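Step one of this worksheet: look at the structure below.
Each reported figure results from applying straightforward, stated rules to the coordinates on display, with no laboratory input. These figures come from a predicted structure and were not determined experimentally. Please note: Cβ atoms are built from the backbone with ideal geometry, for glycine as well, and neighbour counts cover all protein chains shown.
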Amino acid sequence: MNKRKKLLILIAKKMLVFFVSIFALSIIAFSMSRIAPGDPLVSYYGDRAERMNTEEREHAIHRLGLDGTLTDQYVAWFKGAIKGDFGESFKYKENVLTVIAGRLVNTLLLGGIGFLLTFFLALLLGILCALHEGDWLDTLLCKVGTITSCIPEFWLSLVLILIFSVTFHLLPSSGAFGLGEADSILSRIRHMILPMVVIVLSHLWYYAYLIRNKLIDEKRKEYVLMSKSMGLTNRQVMWRHCVRNIMPAFISIMAISLNHVLEGTYIVEMVYSYPGIGTLSFESAKYHDYNMLMVLVIIMGVVVILGNIIGQIISENIDHRMKEEAIIEDAEVVASEKI
Amino acid sequence: MKRFKGKPLVSAIILGLIILGCVFAEVIMNHDPVYMDLANFDKAPGKEFFFGTDNLGRDIYSMIWYGGRCSLMIGFLATLISTTIAVVYGTLSGISGMLVDDIMMRFTEILLSIPGILLIIFVQAMIGQQNILAISIIIGVTSWMSIAKMVRTEVKLIRTQEYVLVSKQMGAGFFHVLGKHYFPNFISSIMFMIVMNVRSAIVAESTLSFLGLGLPIEVISWGSMLSLSEKALISNAWWVILIPGVFLVITLMCITNIGNYIRERMNKGESNM
């Protein structure tokens with residue numbers, strides 16, 4: 001009973017942090033986008049906005065809900081948002097959620113599969129390096145890895161387009177599907193290969209190296225010696241014990257790195273003109289499509305903040321050693337506060 | 001030779017050569033980097049144009065050295081800005097009471113949760129200018145958060161030390177304590193992050209310029225040279241894409257190697273204690 005109560009309090013606390021963070025994020029995004037110079041009317045009315053007389057302008061501003069002080073505008077936006085009404089996109093002249101829904105699937109596919117693939121390969125690579133610690137294979141992988149992690153995403157994308165699309169005509173260089181092939185799964189997969197390779201390659205080594213170092217620390221522990229004395233081979237110890245022991249750390253690294261991979265996905269989407277929410281955020285920031293931008297920033301915030309909270313919960317609860325350490329650390333901080 | 005063992009000597013030499021080449025660009029250039037020679041556009045690398053020409057007829061060999069100045073300058077300037085903000089913000093957060101400290105750290109976490117490139121686009125829209133100083137400021141004010149967190153942790157550890165208290169008792173102001181006591185103590189632990197910040201600033205500049213949000217094509221930098229690559233893809237002018245990119249990647253690698261060396265040296269120091 002007591003345990004359940006504790007859990008409820010924990011969930012309530014995390015929920016509170018979550019909502020306060022999202023609220024603060026929405027205020028920051030709202031004020032930042034509106035302070036930015038530029039005419040949002042242009043994105044709605046196009047060139048017509050420049051020829052409007054004062055009266056028409058005022059009417060248009062009122063229609064788009066851009067009159068009143070910043071606070072008034074935010075309150076109006078917030079009231080709508082609670083009811084699930086996020087307004088109309090200035091550029092597409094449709095409900096924001098409809099436009100985003102069409103694009104979200106593309107990004108989820110590209111980013112989601114890329115994310116899982118990155119971590120799956122990073123784990124394998126990390127294990128491989130840790131098993132061969134110090135010998136030529138490990139040294140070689142570390143060298144190659146460091147080089148790949150220095151290549152900017154956009155340039156890697158360009159080089160891949162140059163090789164696979166321009167020179168050998170093997171794969172398409174932009175879009176999410178061929179002309180008139182929206183339903184063809186094969187076409188979608190072909191369009192996804194290059195962006196996916198960039199996402200995986202540009203993040204792979206960073207995480208593989210983290211995992212390699214965690215496993216190498218794990219190898220130094222005494223249970224490894226005992227398992228070996230009981231007749232297990234190196235590989236068996238690694239797979240049965242070491243890998244299992246770093247799993248909590250691995251999952252929490254995954255959770256907090258959502259932001260990092262998401263950012264990579266955005267850049268890759270822009271280079272490959274892939275119709276996802278990355279290109280959409282870029283467009284809406286550039287053309288002052290306020291309503292669109294707000295929803296996109298909040299979606300991103302929800303994903304990233306949820307990831308952070310999950311990471312925290314995992315490291316606090318699954319791995320009890322961390323929790324104790326965290327408590328001691330907190331206690332120290334509290335003690336130093338009092339002095 | 002023993003003295004240089006384990007030190008990133010090769011990286012340091014290559015980086016030094018690239019920096020020297022960029023500083024003394026006028027000496028090694030064999031063409032005017034901004035001159036558009038319309039008779040010789042999209043020429044492949046050869047005797048006259050070592051690295052070929054782009055589709056505006058500019059000599060890439062000369063542009064590399066001349067444009068490297070911009071890229072490196074933005075890298076250093078942006079890092080200077082972000083480090084200054086990080087040091088002041090982190091120290092303030094570290095010496096503040098629990099509530100203020102908590103709010104300040106939550107704020108950095110929220111900023112960290114917005115993907116960097118989008119944050120940069122926001123600030124870019126607010127400043128609205130496309131020159132070296134503006135781009136450095138944009139990159140600087142969007143990349144101080146992780147250093148600030150580190151500074152705050154370090155300051156929290158030393159702020160109750162006797163010498164800090166004594167210094168404050170004797171009437172030292174915020175910046176005096178920061179410069180004389182906090183900074184010398186945390187500089188070694190943030191040095192690695194500062195070096196890596198130079199690297200990410202150079203990447204950010206090139207990405208921004210490539211997307212058409214950074215420096216315009218007339219202002220030559222490695223990023224703005226690459227912004228012509230879409231046209232180069234059509235005409236299959238591989239040298240326009242590959243050569244500036246290779247210079248960019250080599251520079252980034254040298255910086256990374258030096259950064260890693262600093263980190264390892266720091267870790268060694270700690271474990272000896």
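Things to note:
- Distance (nanometres) between label positions extended 7 Å along Cα→Cβ at A:I193 and A:R63: 4.8
- At R0 = 22 Å, FRET efficiency that the Cβ-Cβ distance of B:I19 and B:F50 yields, to 0.05: 0.65
- Distant-in-sequence amide H partners of A:L171 (H built 1.01 Å from N, under 5 Å): A:S165
- Given A:K13/A:K79; A:K143/A:K221; A:K143/B:K231, the pairs whose alpha carbons are separated by over 31 Å: A:K143/B:K231
- Fraction of alpha-carbon pairs over 43 Å apart in the protein assembly as shown - percent: 27
- If a spin label sat at a point 7 angstrom from the Cα of A:Q236 along the line to its beta carbon, the backbone N atoms of region A:116-138 nearer than 19 Å would be those of A:131-132.
- Net length gained if the chain between A:R48 and A:L7 were fully extended (0.36 nm per residue, minus Cα distance): 9.0 nm
- Shape of region A:104-209 from the C-alpha gyration tensor: prolate (a/c of 1.5 or more and a/b above b/c, with a ≥ b ≥ c the square roots of its eigenvalues).
- Gaussian network model of chain A, Cα within-10 Å springs - most flexible of A:E269, A:E88, A:E58: A:E58
- Taking other Cβ atoms within 10 Å as a rough exposure proxy, A:K221, B:K47, A:K5 sort from fewest to most as B:K47, A:K5, A:K221.
- Likely footprinting exposure, B:I190, A:I189, fewest C-beta neighbours within 10 Å first: A:I189, B:I190
- 3J(HN,Hα) from dihedral phi, region A:130-143, Karplus parametrisation 6.51/-1.76/1.60, rounded to Hz, x for glycine, proline: 5, 5, 9, 3, x, 8, 4, 5, 4, 4, 4, 4, 5, 5
- Helix A:290-317 and the long axis of chain A differ in direction by around 20°, with both axes built from C-alpha atoms.
- Geometric descriptor of chain B, per residue, is 166 Å³ (volume of the convex hull of the Cα atoms).
- Bridging of B:K180 to lysines at a Cα separation below 29 Å is possible for A:K338, B:K149, B:K156, B:K168, B:K268, once same-chain residues fewer than 8 apart are set aside.
- Tilt relative to chain B, helix B:116-127 - C-alpha long axis, 0 to 90 degrees, to 10: 80
- Expected 222 nm ellipticity per residue - DSSP helices of 4 or more, -39500 (n - 2.57), all of the protein assembly as shown, to 500: -24000 deg cm²/dmol
- Between region A:8-42 and region A:165-244, the Cα center-to-center distance that results, in Å: 34
- Angle of helix A:320-338 to the longest C-alpha principal axis of chain A, folded into 0 to 90 degrees and rounded to 10: 70°.
- Region B:137-151 and region A:100-136: distance between their alpha carbon centers, rounded to Å: 27
- Chain lengthening between A:V302 and A:K228 when straightened (0.36 nm per residue, less Cα-Cα): 22.1 nm
- Nearest-0.05 FRET efficiency for A:K143 and B:L133, computed from C-beta distance (R0 35 Å): 0.40
- Listing B:T251, B:T108 from fewest to most neighbouring C-beta atoms within 10 Å gives B:T108, B:T251.
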